[in-house]
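**Student:** Below you will find the structure I want to go over with you.
Only the coordinates and a few stated rules stand behind these numbers; no lab work does. These numbers come from a predicted model, not from an experiment. Don't worry about glycine lacking a Cβ; one is built from the backbone with ideal geometry, like all the others, and counts go over all protein chains shown.
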Amino acid sequence: MSLKQHWTLDSIPWGELRREYVADSEELFYMLAGASFIETTSDLYTRNLVRHFADNPEVSEWLEQGWEPEELQHGAALREYVRHAWPEFDWEARYAAFFADYSALCKPEMLLPLRSLELASRCVVEMGTASYYTALHHASGEPVLAQLTQHIFEDEVGHYKYFYKYFRQYREIENTSRTQVLGALWHRLRVIEDEDSYIALCHVHAARHPGQPYDKAVYKEITGRLRKLVGKHVPYRMSVNMLLKPLDMAPMARRVVQPVMEGMARLVA
Ligand SMILES: [Fe+2]
Ligand SMILES: [Fe+2]
């Protein structure tokens with residue numbers, strides 16, 4: 001498998017970045033700096049996943065040569081964006097502190113033992129990132145951010161398709177039930193909310209408000225503000241569609257559940 005990235009850091013017109021569109025928005029700063037931290041740490045997770053699929057050369061080759069370089073490029077490009085938009089932010093120092101916390105959590109034991117379920121859970125992550133970058137794409141009107149988030153969004157949808165394809169293969173092999181899949185989807189949704197973004201925002205908050213406490217209440221207040229900014233841009237139909245796909249529901253049931261879930265997602269946001 002040869003890696004063909006359809007964009008690189010050099011293809012982003014950094015010189016055209018309109019700082020005045022984004023620099024005063026603490027919410028955008030939180031979202032972009034936080035995402036740059038998590039994406040930059042993708043190699044940790046890839047290593048664990050490759051080990052999980054060591055006996056499947058097709059999957060492990062795609063993880064190492066397709067998925068990981070793209071995720072790392074997302075981290076590098078977002079870091080570059082943050083460097084241009086908020087030059088006062090000491091990215092390296094804050095990332096080091098984030099990495100110390102996050103890497104302690106990102107252990108092979110975190111992976112779901114049934115491989116079909118781990119793949120379903122990766123579909124949730126890719127759904128989450130595809131939705132996140134769509135929302136960011138529309139949030140500011142800043143042209144370089146719009147271009148960058150479009151590229152990342154397309155990559156994330158591509159990742160989803162691979163994970164979904166491999167999920168279907170393993171679901172057959174492991175005879176995974178719909179209830180098990182539902183459990184895995186739910187578990188992953190909770191982890192994204194409770195661990196990944198909580199830790200990332202902790203270290204961005206520490207830079208923005210040195211010495212101030214950070215706990216669940218502060219985290220909730222911040223995410224509330226982020227939702228206010230981008231909630232209306234979240235592509236609910238696409239997100240729910242991507243979330244429900246691994247459940248492989250009958251078309252009839254799907255027609256009932258889809259709009260209900262969409263409505264609930266809008267309400268939560
Ligand atoms: Fe990514
Ligand atoms: Fe991805």
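**Student:** Rounded to the nearest 0.05, what FRET efficiency is calculated for residue 11 and residue 232 with R0 set to 30 Å and r the Cβ-Cβ distance?
**Tutor:** 0.50
**Student:** Moving on to the next point. Just subtract the alpha-carbon distance of residue 194 and residue 43 from 0.36 nm times their residue separation and send over the number in nm, one decimal.
**Tutor:** Fully extending the segment from residue 194 to residue 43 adds 52.3 nm.
**Student:** Roughly speaking, what is the centre-to-centre gap between the stretch 71-146 and the stretch 157-191 when only Cα atoms are used, to the nearest Å?
**Tutor:** 21
**Student:** Please compute the volume of the convex hull spanned by the alpha-carbon atoms of the stretch 51-160 and report it per residue in Å³.
**Tutor:** 111
**Student:** So what's the chain giving for Cα Rg divided by 2.2 N^0.38 Å, two decimals?
**Tutor:** 1.00
**Student:** Turning to a different aspect of this structure: Please grab the % of Cα pairs in the stretch 45-99 that end up more than 17 Å from each other.
**Tutor:** So the pairs more than 17 Å apart make up 52 percent of the total in the stretch 45-99.
**Student:** Something else: Neighbouring Cβ atoms within 10 Å as the yardstick, rank 27, 58 fewest first.
**Tutor:** 58, 27
**Student:** Need one number: nm distance between label points at residue 174 and residue 19, each 7 Å from Cα along Cα→Cβ, rounded to one decimal.
**Tutor:** So the label points at residue 174 and residue 19 sit 4.9 nm apart.
**Student:** Here is a follow-up. If neighbour count is taken as other Cβ atoms inside 10 Å, put 252, 242 in order from fewest to most.
**Tutor:** The order, fewest Cβ neighbours first, is 252, 242.
**Student:** Next up: Label-point separation (nm) for residue 101 and residue 255, each offset 7 Å from Cα along Cα-to-Cβ?
**Tutor:** Using points 7 Å along Cα→Cβ, the separation is 4.7 nm.
**Student:** Further question: Can you tell me the 0 to 90 degree angle between the C-alpha axis of helix 251-268 and the longest principal axis of the chain, rounded to 10?
**Tutor:** 20
**Student:** Divide by every residue of the chain the summed helix terms, -39500 (n - 2.57) for each DSSP H run of at least 4, and state the resulting mean residue ellipticity at 222 nm, rounded to the nearest 500 deg cm²/dmol.
**Tutor:** Helix-only estimate at 222 nm: -23500 deg cm²/dmol.
**Student:** If you average 1/r over every pair of different alpha-carbon atoms in the stretch 116-224 and take one over that average, what Kirkwood value in Å do you get?
**Tutor:** 15.9
**Student:** Residue 76 versus residue 220, label points 7 Å from Cα toward the beta carbon: distance in nm?
**Tutor:** Simple spin-label model gives 4.1 nm for this pair.
**Student:** Round to the nearest 10 and give me the degree value, 0 to 90, for the angle of helix 115-139's Cα axis relative to the longest principal axis of the chain.
**Tutor:** 30
**Student:** For the stretch 98-164, what size does the Cα cloud have along each of its three principal axes, sorted from largest down, in whole Å?
**Tutor:** Principal extents (Cα only, largest first): 42, 31, 13 Å.
**Student:** Quick one: helix 91-105 against the long Cα principal axis of the chain, what's the angle to the nearest 10°, folded into 0 to 90?
**Tutor:** The answer is roughly 30 degrees.
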